[in-house]
Structure formats: structure tokens, C-alpha cells
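> Handing you this structure, nothing more for now.
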């Protein structure tokens, strides 16, 4: 029986131990009998070959044609190539420059049925000329409204089912994009702590971590205030102007409605009083314990307290100028696949993989996966009742098989998450050798959480996102919520640290270096974890939370999590415009 999609052809080759070029898969999909074509190709492939090329397919088909019986009444030989292309499996939601003002949510989308990529123009929004309203995900009804502001998290976009749809054909000579020149690719990983862990859990290790945090973040703030150490401020005369940079040791309200913020540096602690009439309440609302801030003000007459006039976070400069690729090339930003869960959306994944084999997806040369490849075991109470695969190693083996469905020449970077088989404390190293060997598909790069990835001139900070739970719990809803996860990401950018608060939900491992500091400003900040889709720009940094590939579980229902599943944000690396595609 003929195989019905490019992804299934890739999977069939993977089951026989082969990767395949994109054009080779396209040729096999176009054969009259793909199953026979695969068998002939594998049979004639050189013994030492690990990758099926287009030449291998053509040679096998030519040999089969010559040895086959005479053509039938239609003039076709039993195995004959015809042009083909997989149907476009998902609807598009296109955003050109997601946000043009700081703090605005990028929800300007165009949702519609899949069209022929060879003839259809993809609609985009020009941020320089268009005011972009934001759809309310709680009220927008995509089923009844054709609206350019439909929320992608709720839009019901028609999708083609690759298991039942007949694929339209395209000339196989044009199926391979000549721009996919491997020599043009440029990918470098930084801040990877895999194999560099030094912490033993001793008290002194934690002191070293927080000292490193303070030193690196205080350098960012010293250009903004005339800093004095706590010890020096304590010896200054009353009434003096003073400024201090420190980690937040305590924040509490006074009986009079003011706020007392205690800062700590390497010389000691000193209190700062933020008066309620200073107009700083909005800033105080955003303060988290253990983050690094600067306070400017005037010492009391007895020099025992600093009356704050201003508060400063390390923050991302408003003048940040993001980089870009020298050619049109794209990266798919995905996370939270959760293979092994009985709610893993295998059909959506197959549709995504199918689409990656189409000519429209030729520019997608990179996949950046931000953690939780598998569902894991024992992550939350009674999780075993929601598992389709109960063995953790079998979960990773199944994930590897799904990963084989994507084009073999795709560059893949993966970081772990809290469901993966690594330590829960952050930073998380990039898996042990046994699991890395299982996931060694398409030469994927498996690095730590967090890590920085430079992709053709675009600096991407990848972080799974466990601390987003803490930020959302601690800050007011208008500043951080699950419905708009990118706003919580803005707070992490403002604090220049992916997990500033210690001792709460986010476990932190002590290291000689605080790998969680955002020392260099990224162009793109990519997270997952909360299973919600959201994106926007903060000071020219694109923040993207990429949703998940897992339908709602019973546990998620119990904690009121309604996931955005089956979405793949596709990032143009040359312009940093983004298109969100739906595959479920």
C-alpha cells in the first residue's frame, strides 16, 4: 500500500536505518508505488551509505524501470516517478514584526485555510504603518469571525489530514531549494554548562554563585548610578546623596503604606525606604527577592536609612539593535513535545513533519527545541495514570523516531526541561551519555538549559521556562500571566536573569558561575514550559513562548491549564518577522 506522506516515507527509511535528503523523500513520494520505490532504493544503496540521496533514488527507479514488465495500457511502468508535494498541513498565522511598541502583545494574525505556496501571497502586517490591536483570547470567536486580530491560541484553522488527503503534485525538479547550501549555515552555542558543573551543594558554593551574579549584574548598573558599597554608605553623613547596587534581601510594607527594601552587596546590607508618594509603587510591584537592583536617594539625618528617589533594574537597553541573517532562512521554535504522554498529539507532529518536507518549508533549516522532549516519569502526582509509555528510555526512543521524520539536513538544537531525565535544579546539563546516544538524530546539538545559540547572526537565548511560574505567581496579573506568557518573559529580560528568585518553586544549583544571568542581550528569547503561545517585543528583543504538542491532561485540568497545542512559530532569521503555523 502506498505511503501517504513525506513524513511517513522518512519514517520508513529511518526504520531501515537511513536518513534521507529532502529531494530524495520528494522523489519517493512521487513514485507510483512508494513502497516498492523505497525497497528498490534501499536494496541498491551502497552498503556503507547512511543517508539516502536523490541520486540513489533515481538510480533505483531507473533500474526498476528497465527491468520491469512492459508498460500497461496507461503507458506507466510499475515504479514511475511523478512530481509530488505534500499537502500543506497547517493554517498560517502571519506576523510581520510582532510588536512595534514596548510591552504590546503581538497578536496581529491572518488565519485561513492552507493555500498553494507557489501561487498564494502570504499576508503580512506592516508595523511601520499599521496600528496593531490585540485580540482578547477570552472573547474572540475564530469560528464565526474573519478577523485579522484573532488570537492564535484559540483560532480554529482548517488543516489537511495527511492520512486521508491526496497530495497535490509539483515538479520534483523544483522541490529541492538550491538555497539550502550547508556551507552557508552558521550555528554556534554559548553558555553551555554541560560537563562543567562544579557545585557540591556546600554553603560556600551558593555564596560563590550569588557573588558572581552580583558582580556581573552590578557592572550593568554602575553606568547608571554613582554606586557606593553598603559599608561606605553606612559611614556617610546624614543628608548625603547616595546610591547603592545590591541583591534584594527583603521587601516588606510598613504600617504607613511605604515599602522597605533591604539590599545586600559584598560588604554588607543597607535598608532603603520607598515612600508611597514617590510614584514608585509600579516599580516596587515588580521587585523579586534575590534580583540585582540599584537605588538612588538621600540618607536620613541619622544616616541609618536611604530614602529612595529612584529604582533601576539592569534591563535591556532600548537602543538594542538585533542582528539578522544575510539570506532568507528560517528557524522553527518549538518546545514541550511530551512524547510518552497519552495526550501527546502525534497527528499534529506528523502534520508538522509533513509540512517541513514541502517546498514552502524549504527555508526552514533550523529547529530550536526548548525542552520537555518527553513526558517523563514521576514528575507530578499520579502521572503514571496518564502515560502511554511508562519507561523513560522508551520515551526517548519514541521521541527519536518522531525526530527522524523531519528532513535529515535540518540543524537541530535541543535543551532539557523539567520533565526530562536530568537534574531539576537549574542550570540543567544537556543529558547523560546514554540518553544523548538515543537522541543522536540528524546530528542534533544537545546543550544545557539555558543556553545561547547564535544562528546566522541572530542571538537566541533558549530557556525552558520553569521560573515563569514563579514570576506569574509573584507579580500582578497585568504584568505577568499564563494567558500572555511573553509579558512574564519581559520581566526576566528586565532583570537580566532567567530565574532571579531563589528558594521558591525554581530550584537553583550552585556553580562557580551563575549561568542564569543574561549577560549579553539576545535578539530572540525563546521559552516553553507553560504550554501557552505568546510572543511580543521588548526593547527590540523578540520574546516567544512556543506552546506545546500535548493536549490537556487531567492534571492540567485540575490546575486550570488550557494548553495551546500543535503550533510552530516560524522565525525569519533575516528580518525577525514570525509566522505561527497551526498543525492541530
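> Evaluate the following for residue 232: is it outside the structural domain of residue 494 (by TED's automatic domain parsing) and in a strand (DSSP E or B)?
In short, no.
> Moving to a separate point now. Failed condition for residue 439, given (1) closer than 25 Å to residue 398 by Cα; (2) surrounded by 24 or more Cβ atoms within 10 Å (Cβ to Cβ), with all others met?
(2)
> Of 340, 378, 304, which residue is on the phi > 0 side of the Ramachandran plot, surrounded by fewer than 17 Cβ atoms within 10 Å (Cβ to Cβ) and free of Cβ contacts under 8 Å to residues at least 60 places away in the same chain?
From the options 340, 378, 304, the qualifying one is 378.
> Kindly provide the set of residues from the range 330-361 that are assigned to a loop (DSSP other than H, G, I, E, B) and under 18 Å from residue 8 (Cα atoms), ordered by number.
Hits for the range 330-361 are 345, 357, 358.
> While we're on this one: In the range 252-303, which residues are part of a loop (DSSP other than H, G, I, E, B), more than 21 Å from residue 499 (Cβ to Cβ) and either in contact with a strand residue (DSSP E or B) (Cβ under 8 Å, 6 or more places away or on another chain) or outside the structural domain of residue 235 (by TED's automatic domain parsing) (or both)?
Those that are part of a loop (DSSP other than H, G, I, E, B), more than 21 Å from residue 499 (Cβ to Cβ) and either in contact with a strand residue (DSSP E or B) (Cβ under 8 Å, 6 or more places away or on another chain) or outside the structural domain of residue 235 (by TED's automatic domain parsing) (or both): 254, 258, 275, 280, 300.
> Please work out which one of (1) at pLDDT below 95; (2) in contact with a helix residue (DSSP H, G or I) (Cβ under 7 Å, 6 or more places away or on another chain) is the condition residue 473 fails and give its number.
Result: residue 473 fails condition (2) only.
> Please go through the range 411-446 and pick out each residue that is closer than 25 Å to residue 181 by Cα, at pLDDT 95 or above and part of a loop (DSSP other than H, G, I, E, B).
Passing the criteria: none in range.
> Right, next: Check the range 380-395 and report whether any residue there is modelled with pLDDT under 95, over 22 Å from residue 485 (Cα atoms), within 20 Å of the chain's Cα centre (by Cα) and assigned by TED's automatic domain parsing to the domain that holds residue 456.
So far as the range 380-395 goes, no, none of its residues is modelled with pLDDT under 95, over 22 Å from residue 485 (Cα atoms), within 20 Å of the chain's Cα centre (by Cα) and assigned by TED's automatic domain parsing to the domain that holds residue 456.
> Output the residue which, of all residues in the range 396-410 that are outside any helix (DSSP H, G or I) and in contact with a strand residue (DSSP E or B) (Cβ under 6 Å, 6 or more places away or on another chain), is modelled with the highest pLDDT.
410
> Residue check: is residue 555 surrounded by fewer than 21 Cβ atoms within 10 Å (Cβ to Cβ) and part of a loop (DSSP other than H, G, I, E, B)?
no
> Among the residues of the range 10-48, write down those that are surrounded by fewer than 17 Cβ atoms within 10 Å (Cβ to Cβ), touching a helix residue (DSSP H, G or I) at 6+ places or on another chain (Cβ under 7 Å) and at pLDDT below 85.
Listed by number, the list holds a single entry, 16.
To keep it simple, each residue is scored yes or no on (1) more than 29 Å from residue 523 (Cβ to Cβ); (2) out of contact with any helix residue (DSSP H, G or I) (no Cβ under 6 Å at 6 or more places or on another chain).
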| site | (1), (2) |
| --- | --- |
| 261 | yes, yes |
| 268 | yes, no |
| 271 | yes, yes |
| 276 | yes, yes |
| 286 | no, yes |
| 300 | yes, yes |
| 304 | yes, yes |
| 316 | no, no |
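> Right, here's the next one. So which of 541, 559 ends up being at pLDDT 95 or above and either over 14 Å from residue 335 (Cα atoms) or over 14 Å from the mean Cα position of the chain (by Cα) (or both)?
Exactly one of 541, 559 is at pLDDT 95 or above and either over 14 Å from residue 335 (Cα atoms) or over 14 Å from the mean Cα position of the chain (by Cα) (or both), namely 541.
> Further, regarding this structure: Based on what the data block shows, is residue 455 over 20 Å from residue 563 (Cα atoms) and surrounded by 24 or more Cβ atoms within 10 Å (Cβ to Cβ)?
The answer is yes for residue 455.
> Of the conditions (1) modelled with pLDDT of 95 or more; (2) assigned to a loop (DSSP other than H, G, I, E, B); (3) in contact with a strand residue (DSSP E or B) (Cβ under 9 Å, 6 or more places away or on another chain); (4) surrounded by fewer than 22 Cβ atoms within 10 Å (Cβ to Cβ), residue 502 clears all except one; give me its number.
(1)
The values are calculated or read from the model by the stated rules, or taken from the named source; none is laboratory data. Just so we're clear, the structure is a prediction, and the values are computed from it rather than from any experiment. Note: ideal-geometry Cβ built from the backbone for every residue, glycine included; neighbour counts use all protein chains shown.
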